[in-house]
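**Q** Have a look at this one.
The values are calculated or read from the model by the stated rules, or taken from the named source; none is laboratory data. Fair warning: this is a prediction, and the values are worked out from it, not measured in the lab. Heads up, the Cβs are rebuilt from the backbone with ideal geometry, glycines too, and the neighbour counts pull from every protein chain shown.
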Ligand code: 0PR
């Protein structure tokens, strides 16, 4: 039974946004396995560590006095951001405007929260601002930008999105769940220091190399998080902001351990290595006559006519497709040049 549940060894995984946790993240996760940051009165150490995690995330995203918490993942963080926006607004008919390439967690959030989701088309893989501007109105509670899209790894024009949100007094939420640990080492304008952003998703359990579950929700100030507070009558703490009750102390502790070990030097090295790998793969595919999208961040999509599913899968490769059917390779920290060399060799075989 245990053997069947053995951890994925990642040797041929090119499809995932999870990766091998940093050794100290793994160790920290194990030590805090039985703690619950949802009950800070009882589990004080993990509650303190969660503050440290939020401080690190603030530093990474240009926010000097960050509010936030370690969520179960990007889905919860995105849902909670929309919930903040909805609760704070004064409308009976709230809508959220997001790029068409926003992660499907926004569809879930809209459904759960009873908010209309309006999606704006993209031009060259970034949201089309003119189209987005047509969708906002006085009932818009949040305008979303994606900093590192799930399918192509592209970054939306975040400052323009923040400006648009302001015209209708809506919040601006940035989803940097995947891109957030690569973007500090690029020239993109994506974080709190670059634009008037209110909330952000940035997940330690993706490029941050923490153990699952460790998502990150950040807010420009504490009063935004207060929109989420519910009273907790019998706990020592008086209210709770998170969506889930009992939460993973392992995720929180491993997020701190990973960021302590890697911010900023280790993450910078990782970005440079992964970006070089993505550029290399893109060159290899272009040289073979394929149309390649990007890479803007370490994610390569290419219009591949090879039989990319069954045969590659039989050889152990895990690759995914974009909605448009292109092959998609996510260059996570575990994806090395030698892995990509053998992948390209296997593609050549067909
Ligand atoms: N926002 C963005 C930009 C994302 O890419 C994702 C997940 C989320 C939010 C949601 O995050 P959680 O899944 O942590 O709630 N992107 C990947 C995807 O949906 C998640 C993933 C991870 C998929 C590992 C496969 C996998 O093996 O494709």
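**Q** Regarding residue 258, is this residue within 16 Å of the ligand (Cβ to nearest atom), within 15 Å of residue 59 (Cβ to Cβ) and outside any loop (DSSP other than H, G, I, E, B)?
**A** Yes.
**Q** Related question: Just checking, how many residues over the range 295-348 are closer than 23 Å to residue 125 by Cβ and assigned to a strand (DSSP E or B)?
**A** 11
**Q** Would you pick out the residues in the range 261-285 that are under 18 Å from residue 25 (Cα atoms) and either touching a strand residue (DSSP E or B) at 6+ places or on another chain (Cβ under 9 Å) or outside any helix (DSSP H, G or I) (or both)?
**A** 263, 264
**Q** List the strands (runs of 3 or more DSSP E) inside the range 6-122, counting only whole elements, that have at least 2 residues being touching a helix residue (DSSP H, G or I) at 6+ places or on another chain (Cβ under 6 Å) and within 14 Å of the ligand (Cβ to nearest atom).
**A** The strands (runs of 3 or more DSSP E) meeting that bar are 67-71.
**Q** For the condition buried (at least 21 other Cβ atoms within 10 Å of the Cβ) and under 23 Å from residue 214 (Cβ atoms), what is the one hit in 61, 75, 45?
**A** 61
**Q** Please go through (1) without any contact (Cβ under 8 Å) to a residue 12 or more places away in the chain; (2) over 30 Å from residue 268 (Cα atoms) for residue 104 and return the number of the only condition it doesn't satisfy.
**A** If we test residue 104 against (1) without any contact (Cβ under 8 Å) to a residue 12 or more places away in the chain; (2) over 30 Å from residue 268 (Cα atoms), just (2) comes out false.
**Q** Okay, next question. Pick out the one residue from 289, 323 that is surrounded by fewer than 17 Cβ atoms within 10 Å (Cβ to Cβ), more than 21 Å from residue 207 (Cβ to Cβ), in contact (Cβ under 8 Å) with a residue 12 or more places away in the chain and outside the structural domain of residue 176 (by the TED database).
**A** After applying the criteria, what remains is 323.
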